[in-house]
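Structure first, then comments.
No value in this document is a laboratory result; all are computed from the given coordinates. None of the values given here were measured: they were computed from a predicted structure. Neighbour counts are summed over all protein chains in view; Cβ atoms, including those assigned to glycine, are modelled from backbone coordinates with ideal geometry.
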Amino acid sequence: MTTAILGAGALGLTLAYRLAQAGQAVEVFERGGEPGGLAAGFCVGGTYLEKFYHHLFGTDRAAIALIQEMGLGERLLWLRPQSSILYRGGMYPMDSVGAVLRFPPLALPDRLRLGAATAYLKLERDYRRLEHVTASAWLRRWMGPEPYRVVWEPLLRSKFGLHADEILMSWMWARLHYRTTKLGYLRGGFQLLYERLVEAIQERGGRLYFGETVRGVTPRAGGGFDLQTDARRTAYDAVVSTAPTRLTFQLAPDLPADFRQRYAPGLAYGAHCVVLELDRQLMQPYWLCINDPGFPFLAAVEHTNLMPPADYGGAHLLYLGNYLPPDDPLFRRSDADVVAEFTAALPRLNPTFDRSWVRAAHVFKAPYAQPIVTAGYREHSPPHRTPLSRFYMANMFQVYPQDRGQNYSIAMANRVARMVLEDQRGSGPSSSNPSASRTKYSGRPFTSS
Ligand SMILES: Cc1cc2nc3c(=O)[nH]c(=O)nc-3n(C[C@H](O)[C@H](O)[C@H](O)COP(=O)(O)OP(=O)(O)OC[C@H]3O[C@@H](n4cnc5c(N)ncnc54)[C@H](O)[C@@H]3O)c2cc1C
């Protein structure tokens, strides 16, 4: 049996590794030039830095286990950097119960309510109790209108724009329930993990093709699939696509219409990140949520407040991030123009900032990087087994109620590997998914972007 895997991100690589470990032949196709997908890095001062800010939480068990399994455990550092909110020009820590109870912009009763509702979310284990209410309604009701206005509304508005009032509370629950104040970082960059996985796959006979975009997957008359790239057309016994659902639907035109309709991909925003190499530190916090109006970015993340600048040739590294609709004009503007606008806002974070501090600037964009979790999301999330026998879908839009994260892609890869192996042994349920085509869609239709 040979399995083709589309995508060499956290999911595709972990899956390929698990299948190769089980003695399966695997071939991975990646349109980009390097492994890592959204978590891939680029070099600063001889060390990898993620194109988009990345860290782990203490609850990211699957990612931690994989890092250890790949022999990189000693590089995984756990730190407690400061996470703060910018409100009316002041930077206020908001990363512990104590910090919430001291948060000066709110009156004491509001702080107590904010703390109590957060504690409830930490204790509540069943997200389904929170998936029939929006985050804005729940937070307003249980944390109070003022904490919502000061702390949560700016976050939801800057992350989800016009959809801020539609985001499900179950999504917010996952963020507050699982996230820890201790953050993990793989010293030297998460790219090291993805390079190690590539080696481990190759050592077990797997093949990887970088810079090769998959254009189509079509079933063969006698079983299996033809996979078409720009360079070749090859037959495989099984195919797993880790590309987003909307892309997978385009690549596999034989997926039946009722399946496509039922699992029509919902809205997703793109990620836009400016990375500045500065010659000195800009601010104290590692993470700063921008809750003041008028900024061109929603978060400022000073990576070198987590890792030492010496790792990057002395550069102080600052991410300025945004989530926006994929057709937002920001994605089309010139890098120089965007960097000029973003750096012009930095004196509001540090009045002594000067443009001469910037040694280099980089701009990274990913068009479908942030799922928008609105009513009916769970019902619309496709199963991994599709109606095409041995054609599987596994992507970061299927990790609900979690927000996307390396951990959840790695955990999904572990599950899907077991599924593929079961089907190959003939011990799993039918590899086509009759329930997918039998069940009638009965939710609110999703809008396709
Ligand atoms: C701004 C931002 C911040 C983040 N912060 C964190 C964080 O702090 N911690 C964390 O753990 N996670 C974070 N994440 C999420 C994390 O990056 C993702 O959850 C994870 O990398 C997803 O891995 P994946 O393999 O599922 O998907 P992807 O990384 O998207 O991989 C899919 C791969 O498929 C390839 N592909 C698509 N179509 C084709 C085709 N037709 N042919 C061939 N190849 C194709 C793509 O090029 C891509 O490499 C962040 C993401 C963003 C955008």
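A few points about this structure:
- The residues on offer are Ala174, Ala221, and the sole one that is more than 21 Å from Ala16 (Cβ to Cβ), in a helix (DSSP H, G or I) and among the aliphatic types (A, V, I, L, M) is Ala174.
- Among (1) surrounded by 17 or more Cβ atoms within 10 Å (Cβ to Cβ); (2) free of Cβ contacts under 8 Å to residues at least 60 places away in the same chain; (3) among the hydrophobic types (A, V, I, L, M, F, W, C); (4) more than 30 Å from Tyr236 (Cα to Cα), the one test that Ala340 misses: (1)
- Candidates Leu72, Leu38: the one that is more than 14 Å from the ligand (Cβ to nearest atom), crowded, with 17+ Cβ neighbours inside 10 Å and in contact (Cβ under 8 Å) with a residue 12 or more places away in the chain is Leu72.
- Hits in the range 75-112 (condition: among the charged types (D, E, K, R), more than 24 Å from the chain's Cα centre (by Cα) and surrounded by 17 or more Cβ atoms within 10 Å (Cβ to Cβ)): Asp110, Arg111
- Conditions (1) surrounded by fewer than 22 Cβ atoms within 10 Å (Cβ to Cβ); (2) more than 11 Å from the ligand (Cβ to nearest atom); (3) over 28 Å from Gln21 (Cβ atoms): number failed by Lys159: (2)
- Long-range neighbours under 6 Å by Cβ, at least six apart or interchain, first residue at positive phi within the range 177-193, second surrounded by fewer than 18 Cβ atoms within 10 Å (Cβ to Cβ): Gly188/Arg75
- As a summary of the residue check, Met143 satisfies the conditions (1) free of Cβ contacts under 8 Å to residues at least 60 places away in the same chain; (2) under 24 Å from Asp60 (Cα atoms); (3) of a type in the set (A, V, I, L, M) except for the one numbered (2).
- Lone unmet requirement of (1) part of a loop (DSSP other than H, G, I, E, B); (2) away from the ligand (no atom under 16 Å from the Cβ); (3) over 29 Å from Gln68 (Cα atoms) for Trp152: (1)
- Sole residue being in contact with a Pro (Cβ under 8 Å, 6 or more places away or on another chain) and within 16 Å of the ligand (Cβ to nearest atom), chosen from Pro367, Pro387, Pro371: Pro367
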